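The values are calculated or read from the model by the stated rules, or taken from the named source; none is laboratory data. None of these values were measured; they are calculated from a predicted model. When we count neighbours, we look across all protein chains shown, and the Cβ atoms used for this are built from the backbone with ideal geometry, even at glycine. Each accessible area value is taken on the protein alone, full model and side chains, heavy atoms only, with ligands, DNA and RNA left out. Shrake-Rupley method; radii C 1.70, N 1.55, O 1.52, S 1.80 Å.
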Amino acid sequence: MNYVFLKFFTVFFKKEEFSLYTDMYALSFIVIGFLSFGLENTYFRFLYKKNYNKEIVFSTGVIIQLLISSFFLVISINLIKYLSYVAGYHHHSEYFFMFFFIIFFDTICVLPMAWLRANDKPIQYSTINIVNILTQSFLMIYLFFYSDNMFYGGKNTLFFFIFRWISSFTDKIGYIFFSNVISSLVNLFLVFPILLKKVTIRKFNKVLAIKMLNYGIPIMIGTIAFSINENLDKILIKRWISDEINGSYSACYKIASFMSLYLRIFRLGIEPFFFKKSKDSDAIYSYEEIIYMFILFGLVFYVLICGNMNIFMGFLIDKKYHVAVSIIPIIMMGNLFLGIYTNLSIFYKIIDKPIIGTYISLIGVLITFLFNVIFIFISTDNSFMIPAWGTFTSYGSMLIVLYIWGKKQFLQFFNKKIKNIIMHFLFALFIVFLIRKKMELSFLLQFLYLIIIFFLEKKRLSNLIK
């Protein structure tokens, strides 16, 4: 649905307006990274430890999250004028007011949604997410259509009075944020029965809470680092070049985020599985096969998106945003590096050493800052390529550092596959290079790539089907 609305937004908004929309989400993701305190991963880790009661782990985690989120909401609302002024939104402090509630509701929902994943309830999980996105979608359509006088139901209807109330304190960009507030509130309402049934003060364990925070804080730092890597470029381009360039960059970045969609789908199922599987004797073999197949399908996905980029661009974003199309292959490959890193990072988590991830994430952030400092000094209309290469280099470096750090300790199995993985990477990049040079042969080259991959991995693919 977000990709459906991407086309709508890029047609409906000017590039500088789209920049405001993406900038607010970029700022909020950094805040969410801090408020998460790594509790989702922490919950999965402690859930499968033998000496902890599952209900106590869940209650303790939720109460910690609720206290942190409530403290944030009270402080941020009291500082709203100052924060909106510093961020350059002194004329739209209502944006910040709405986002504070979005962040508050969403962070409270993190652990109940993780509980659904851990307890094998994908239908309930999906239903809640679908209701969430449909609520936001219908509300946005209602507000935008009323704002353009496309509804003619009269000015005395309840629908008109609701629209007039919302439009009295915000503008068209704010309609998106208000819709998000309501959908986040609906999300909280839908998971509330889980909180009501499973969470009690009596099940809060102080000693466990301290252990969970100690485990989660390094993950939190890594999450903040990831948020900086993902969003610093958009925050700086808006403030150092222009909203117009940032609008184009952000829209093209969303096309590149197709890879992130693949990573998210995979991550939702694999995280609880990895933690649960860690106790089994055949865990290493399972990890090896899963990660190898993740890389293989990720590269196939990369080739297909890059090979049909013109189709995706025309279908998903308006032509006026195509200025930054050159960042897409770079950002997509960077996101694939991140996905491989995320999967391999499970090994330092199951040996209770998340601090390793903190150090590596800080290396990634340092590289991101370096590229963005160079970008600030150059700051021309085409210098947006520098932050894109920064994302690629940051995630690539994190993956290399993790492999070098862990190959003698917990990634020995990965050494057996490294030659095949490098071969697949080089082959995929070679095919994409040929496609960009000979666009008229794009479909033929993609078909050839898929046939060769099928024959190279025929045995493994057939085992997967079985």
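Here are some notes:
- Applying a threshold of 19 Å to the alpha-carbon distances of 7/238; 54/197; 7/320; 320/437; 54/203; 54/353 flags 7/238; 320/437; 54/353 as lying beyond it.
- Which of 90, 322 is most accessible, then next, and so on - probe 1.4 Å: 90, 322
- Charge dipole magnitude, Cβ of K and R +1, D and E -1 - the chain, Cα centre, debye nearest 20: 1420 debye
- Where 426, 66 fall by accessible area, highest first, once all protein chains stay in place (1.4 Å): 426, 66
- Cβ-defined net charge surrounding residue 128, 12 Å radius [Lys, Arg +1; Asp, Glu -1]: +2
- Between residue 119 and residue 447, full extension at 0.36 nm per residue minus the direct alpha carbon distance yields a gain of 114.1 nm.
- Protein heavy-atom surface of the chain, 1.4 angstrom probe: 70% of the accessible area is carbon and sulfur, with nucleic acids and ligands not counted.
- Area accessible to solvent at residue 190, 1.4 Å probe radius, in Å²: 60 Å²
- Stokes-Einstein diffusion coefficient of the range 164-238, Kirkwood radius over Cα pairs, 25 °C, 0.890 mPa s, in µm²/s: 147 µm²/s
- Solvent exposure of residue 325, expressed as accessible area, is near 50 Å², computed with a probe of 1.4 Å over the protein chains only.
- In the full protein context, the chain carries 48 Å² of accessible surface per residue, based on a 1.4 Å probe and ignoring ligands, DNA and RNA.
- Here the relative contact order of the chain, from alpha carbon pairs under 8 Å that lie six or more residues apart, stands at 22 percent.
- For residue 165, the solvent-accessible surface with a 1.4 Å probe is about 140 Å², rounded to the nearest 10.
- Förster-model FRET efficiency, 35 Å R0, residue 407 and residue 206, C-beta, rounded to 0.05: 0.35
- In this structure, the amide hydrogen of residue 205, modeled 1.01 Å from its nitrogen in the peptide plane, lies closer than 5 angstrom to those of 60, counting only residues at least 5 positions away or on a different chain.
- Cβ-defined net charge surrounding residue 211, 13 Å radius [Lys, Arg +1; Asp, Glu -1]: +2
- Over all orientations, the chain has a Cα convex hull whose mean projected area works out to 24.1 square nanometres.
- Surface listing: 106, 233 arranged by accessible area from highest to lowest gives 106, 233, probe 1.4 Å.
- Linear extension gain, residue 126 paired with residue 34, 0.36 nm per residue minus alpha-carbon span: 30.5 nm
- Cα-projected label distance for residue 353 with residue 417, points at 7 Å along beta-carbon direction, nm: 2.1 nm
- Helix runs (DSSP H) in the chain reaching 30 Å along axis by Cα, Kyte-Doolittle at least 0.0: 15-36, 54-78, 93-118, 122-147, 172-198, 206-240, 283-307, 355-378, 385-406
- Rounded FRET efficiency, nearest 0.05, which uses the C-beta distance separating residue 286 from residue 455 and R0 of 22 Å: 0.30
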